[in-house]
1. Any chance you could count how many residues in region 39-53 are in contact with a His (Cβ under 6 Å, 6 or more places away or on another chain) and surrounded by 14 or more Cβ atoms within 10 Å (Cβ to Cβ)?
2. Run residue 24 past the list (1) modelled with pLDDT under 95; (2) within 13 Å of the chain's Cα centre (by Cα) and report the number of the one that doesn't hold.
3. Is it the case that region 123-133 has a residue that's touching a Phe, Trp or Tyr at 6+ places or on another chain (Cβ under 6 Å), at positive phi and either touching a residue at least 24 places away in the same chain (Cβ under 8 Å) or acidic (Asp, Glu) (or both)?
4. Name the pairs whose Cβ atoms lie under 8 Å apart, with the first residue in region 31-54 and free of Cβ contacts under 8 Å to residues at least 60 places away in the same chain, the second loosely packed, with under 13 Cβ neighbours inside 10 Å and not in a loop (DSSP other than H, G, I, E, B), and 6 or more positions between them or separate chains?
5. Would you call residue 40 at pLDDT 95 or above, over 30 Å from residue 99 (Cα atoms) and not β-branched (Val, Ile, Thr)?
6. Which of the residues spanning region 35-53 are under 20 Å from residue 116 (Cβ atoms) and in a loop (DSSP other than H, G, I, E, B)?
7. Of all residues in region 81-95, which are in contact with a strand residue (DSSP E or B) (Cβ under 8 Å, 6 or more places away or on another chain) and not in a strand (DSSP E or B)?
8. Restricted to region 96-145, and to residues that are hydroxyl-bearing (Ser, Thr, Tyr) and in a loop (DSSP other than H, G, I, E, B), which residue is modelled with the lowest pLDDT?
Amino acid sequence: MKNTIIAIVALLATTTFAFAQDKAASGAAFKFETETLDYGTIENDSDGNREFKFTNVGTEPLIISNAKGSCGCTTPEWPKEPIGPGETAVIKVHYDTKRTGAFEKTVTLTSNAVESAKVLRIKGVVNPPAEHDVNDGTDHSGHNH
């Protein structure tokens, strides 16, 4: 009798634990390939577009309601339609590369995911603009035209 009671308690504990695990895994959930994009060192006024690729690893459709850059120089675009379980999508980010110097910015996503606010990061260094010689009619190799 005592062994039967122990077996029943053990079975109930296991079932409750398994149910709690399923409960925690339900809903929508992001899994990003990377949460930080490093532009590296790039030229002034070069292509500032990058993409964060992700998969909905949850059990419910993922709906992103907003994406906000930490300043006006960082502009995100996000999918407006729900992303089904197992589907992949991208968050597009544009950084204004006319701003010289090192940068570290964030994009904050608001969604129905288990982690409702998700912060992504971009970083890099933008070189100063290239200096252009003024065309004054002289060839800088020492020859006149």
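The values are calculated or read from the model by the stated rules, or taken from the named source; none is laboratory data. In this text the structure is predicted, and so the values were computed from the model without any measurement. All Cβ positions, glycine included, derive from the backbone under ideal geometry; neighbour counts span all protein chains shown.
1. 1
2. (2)
3. Yes, because at least one residue in region 123-133 is touching a Phe, Trp or Tyr at 6+ places or on another chain (Cβ under 6 Å), at positive phi and either touching a residue at least 24 places away in the same chain (Cβ under 8 Å) or acidic (Asp, Glu) (or both).
4. Once the first residue is free of Cβ contacts under 8 Å to residues at least 60 places away in the same chain and sits in region 31-54, its partners that are loosely packed, with under 13 Cβ neighbours inside 10 Å and not in a loop (DSSP other than H, G, I, E, B) give 33/53; 53/88; 54/31; 54/88.
5. So residue 40 fails the test.
6. 35
7. Matches in region 81-95: 82, 84, 85, 86, 87.
8. 141
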